[in-house]
Amino acid sequence: MATHFSSTGPMRSIFQLKSNPPKCLLFLPDSCHRRAETATCRAGSVSVRQWSSAANYSRLVKLSNKPIVVRQLAHKRNGVVRCATIEEIEAEKSSIEKDVKARMERTIDMVRTNFNSVRTGRSNPAMLDKIEVEYYGSPVSLKSIAQINTPDSSSLLIQPYDKSSLKSIEKAIVSSDLGMTPNNDGEVIRLTLPQLTSERRKELSKVVAKQAEEGKVAVRNIRRDALKAYEKLQKEKKLSEDNVKDLSSDLQKLTDEYMKKIDSIYKQKEKELLKV
């Protein structure tokens, strides 16, 4: 039996048995740094099961007529990391921008709806938008079960599609903060708007001011969520620090734009409230 190990090139081991069985040639690289796995190689009566190696050497565990234990080199595949394409990054940015605009628009609609529910000196069907009626065990909006008209500037006429809901509608109006007393004649409900006192106008002005501020807080929260989304892309190495700064600047401009919209509709509502 003769063995020879080379520290600079492939190692070749020749195993010679006394009975001259067929030779088994092992070609073992000497630069093994990877984790090994077990495999079996048989040549004649010689079994090669496992061999071990380090940076520049290999060690045969046992050499005899019996099976030889060797550790076999296993090639470890490196994981492949795929970078996001420009198109994918642009799609993510566009998705964030669309979500921001959609949410800010819904905020403006919410503020308008809240303002409309606050009555001024003139009758407006939108004053009843927030009224919910218990209808067959479920709360539904008043405007979904009745037709609402304005016969004149100081009254509202409510005509339900189902007359059996008249009592429920009357109860919902009394329970609301409208400050109006419904007149139910068995067919329709009439609401007469009382004149607003100076004190009442000031109170309502404070109400819409609070609603306007709530709208601004909602817009700021939307901006905050978008910034977090951009920072997440930066951590994922999809956006650079300069990219995030530019996007944050654009986002602030959009936020300022919607803040101005809220201020505008607030001033208009306040003017209506204070007008005698």
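The values are calculated or read from the model by the stated rules, or taken from the named source; none is laboratory data. Bear in mind the structure is a predicted one, so any value in this text is a computation, not a measurement. Positions of Cβ are backbone-derived with ideal geometry, glycine not excepted, and every protein chain shown enters the neighbour counts. Only protein heavy atoms, including side chains, enter the accessible area calculation; ligands, DNA and RNA are left aside. Shrake-Rupley method; radii C 1.70, N 1.55, O 1.52, S 1.80 Å.
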Sort out which residues of the range 214-224 are surrounded by fewer than 13 Cβ atoms within 10 Å (Cβ to Cβ) and not basic (Lys, Arg), and write them in order of number. Val217, Asn221
Options Gly215, Gly137, Gly179, Gly186; residue that is small (Gly, Ala, Ser) and more than 42 Å from the chain's Cα centre (by Cα): Gly186
Subset of the range 235-276 [closer than 30 Å to Thr120 by Cβ and hydroxyl-bearing (Ser, Thr, Tyr)]: Thr255, Tyr258, Ser264, Tyr266
When you go through (1) more than 16 Å from Met104 (Cα to Cα); (2) touching a residue at least 40 places away in the same chain (Cβ under 8 Å); (3) open to solvent by 70 Å² or more (accessible area, probe 1.4 Å) one by one for Leu239, which number turns out not to apply? (3)
Does the range 168-189 contain any residue that is touching a helix residue (DSSP H, G or I) at 6+ places or on another chain (Cβ under 6 Å) and among the basic types (Lys, Arg)? no
List the residue pairs whose Cβ atoms are under 7 Å apart, where the first residue sits in the range 252-274 and is within 15 Å of Val111 (Cα to Cα), the second is assigned to a helix (DSSP H, G or I) and open to solvent by 70 Å² or more (accessible area, probe 1.4 Å), and the two are 6 or more positions apart or on different chains. Ile265/Arg112
Could you tell me which residue of the range 146-186 is surrounded by the fewest Cβ atoms within 10 Å (Cβ to Cβ), considering only residues that are in contact (Cβ under 8 Å) with a residue 24 or more places away in the chain and assigned to a helix (DSSP H, G or I)? Lys163
Quick one: is Val111 outside any helix (DSSP H, G or I) and among the hydrophobic types (A, V, I, L, M, F, W, C)? no
Of the conditions (1) open to solvent by less than 30 Å² (accessible area, probe 1.4 Å); (2) farther than 30 Å from Glu87 by Cβ; (3) of a type outside the set (Gly, Ala, Ser); (4) touching a Leu at 6+ places or on another chain (Cβ under 9 Å), Lys202 fails just one. Which one is it? (1)
Across (1) part of a helix (DSSP H, G or I); (2) closer than 25 Å to Thr181 by Cβ, Val219 clears everything bar (2)
Can you find a residue in the range 243-251 that is farther than 27 Å from Gln147 by Cα, in contact (Cβ under 8 Å) with a residue 12 or more places away in the chain and over 26 Å from the mean Cα position of the chain (by Cα)? no
